[in-house]
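J.: Dumping the structure here so I can ask a few things about it.
The values are calculated or read from the model by the stated rules, or taken from the named source; none is laboratory data. Bear in mind the structure is a predicted one, so any value in this text is a computation, not a measurement. FYI the Cβ positions are ideal-geometry reconstructions off the backbone, even for glycines, and counts take in every protein chain you see. Just the protein is used for accessible areas: all its heavy atoms, side chains included, with ligands, DNA and RNA removed. Shrake-Rupley method; radii C 1.70, N 1.55, O 1.52, S 1.80 Å.
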Amino acid sequence: MDAPPNPKRPCHDPSSVKDPSSLHLAPGFNQSNVDTTISSFLSLSDLPLFSSSPLSIACSFDRVLDKVIDASDHDRFLDRTLQLASLLHSSTKRCIRKRATLHNSISWPLLPELTTKVFSMLDTKSLMQASVCCTMFNKCAMDRVCYSHIDLTMAAKNVDNGVVCIMIHRAGKELRSLKLGSISSRSTFLLTRSCLAPLSFNHGFAGGLLRSLHLYNLTLTPGKSLCAVLSLCPNLTDLKVIGFISGTDKVNSVEHLAPITTNCRLIEHLFLENCGAAGPPSGSSVVGFVDNCPNLSSLTLFQFGVNDAMTRTIIMGFRQLKYINLSGTYGISGSFLRDLGLSCKDSPLETLLLRDCYYLKEREVLLFLNSLLAGDFKSIRYIDISSKHGLVSDGGIATFEPKFPVEELKKQKPGVTFLAIFPAPSSSSSSSSELYSDSTSSSGSSYYSYGEDEEEYDDSG
């Protein structure tokens, strides 16, 4: 009769191996003896590692392990051997990383403090990429200072609420600015309305530290929700919301100006781009808005439903206003400019942007330019009334060839840049081009420009 086959050794289960720290130490255990034994074992470097020679270390391993095959506790012995081999492998990898870190710290030309300073200037995506390069970089990148200005707009599609929470937690008391969303697209993101909830943790500690908050195309953030978030940020000086919406109540976006600034009285720079509003606005909200922001110096209300009366209140109310952009506004004709001559003669306003204002009248712009020639608006430096819709003429129709005293302005106000580009509605209705600069313009449009600086003012960043 054939002998029964030898039972196979059960497969090794890594989960069955106990943690060395959980094992009881034998009486008389001496750590120095263990260290000496391991050191002696690792000192066998003069012998060949892999060879058919009986003197090789590989053959020595085989002989020792073969002796315990028939032993009663051979399973435990082999499991213990695998465990020790794994520990040796892990320790070796840690030692290699330590050596690499030491080498990097010696060869890297900057001190850790300067490296941290450099990392603090990176956007958040670049910071994360640098942190995985090596242990030294990772240690520097974990400094709270590196997360003072969190910018997650470069990886918007991969950012969810959890990522935002982690970044805010890493910043801690160093948090100063936060940018969320995508600058270039309005695609669906992983962020939800609660993405800014970490600002309320610990009684609003993080929100109170914020000085700058930029939200790009997060259309899930309606006006009321935004007001709740801003109530946690009383020290904001810079607020930018691209894709601002009024929610489902069909309230004009202007009505939210006062509520969102109620708790942000230190605000200096405000940028709001509306993406849809309904209902008539009320002037009371604008008055409250002006009262809430005494330090405002830069204001952009893109595609908001403000009218001439509201615009007049805004410019006259903000005594420190230097920059105003009402481009895309569909409720103003420009009559507010007429009343600002004497009252704002010494206004600090430097930049006035009225691009693509559908109902802007040619006559009102002409009166404003004459007022400028008369000595009003002494601080004005840049004016842009360019429009793809043209200007409304006295006859109520769109004109793409307005008549402005550009030559006179050029002589009397050489430090002012006046930009008025009116592309013709179609190639068939081409008009003569008038250009007051060294460059040329294409046919089919009118282009008025003069001034020492023809810089394109871009506040979308």
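J.: If packing is taken as the mean number of other Cβ atoms within 10 Å per residue, what is the order of 323-332, 350-359, highest first? Please report the intermediate quantities before stating the final value.
T.: Numbers: 323-332: 20.8, 350-359: 18.9.
Those peptides, ordered most packed to least, come out 323-332, 350-359.
J.: Just the number, please: carbon plus sulfur as a percent of the accessible area of the stretch 67-173, 1.4 Å probe, no ligands or DNA/RNA counted.
T.: 62
J.: Okay, next question. With each label point set 7 Å from Cα along the Cα-Cβ vector, what nm distance links L266 and S284?
T.: Using points 7 Å along Cα→Cβ, the separation is 3.1 nm.
J.: Please give the contour-minus-distance gain from C165 to K117: 0.36 nm per residue of separation, less the Cα-Cα distance, rounded to one decimal in nm.
T.: Numbers: separation 48, 0.36 × 48 = 17.28 nm, distance 2.29 nm.
Contour length minus the Cα-Cα distance gives 15.0 nm.
J.: Pull out the extension gain between S200 and R363, defined as 0.36 nm times the separation in residues minus the alpha carbon to alpha carbon distance; nm, one decimal. List each step's numbers first, then the result.
T.: Values: separation 163, 0.36 × 163 = 58.68 nm, distance 5.08 nm.
So the chain would gain 53.6 nm between S200 and R363.
J.: Cα-Cα over 31 Å: which of K93/K157; K117/K378; K361/K410; K157/K240; K240/K410; K322/K388? Intermediate values should be presented prior to the final figure.
T.: On the way: K93/K157 35 Å; K117/K378 42 Å; K361/K410 22 Å; K157/K240 20 Å; K240/K410 35 Å; K322/K388 26 Å.
Over 31 Å Cα-Cα: K93/K157; K117/K378; K240/K410.
J.: Given labels modelled 7 Å from the Cα in the Cβ direction, how far is it in nm from K388 to K322?
T.: Roughly 3.2 nm, to one decimal.
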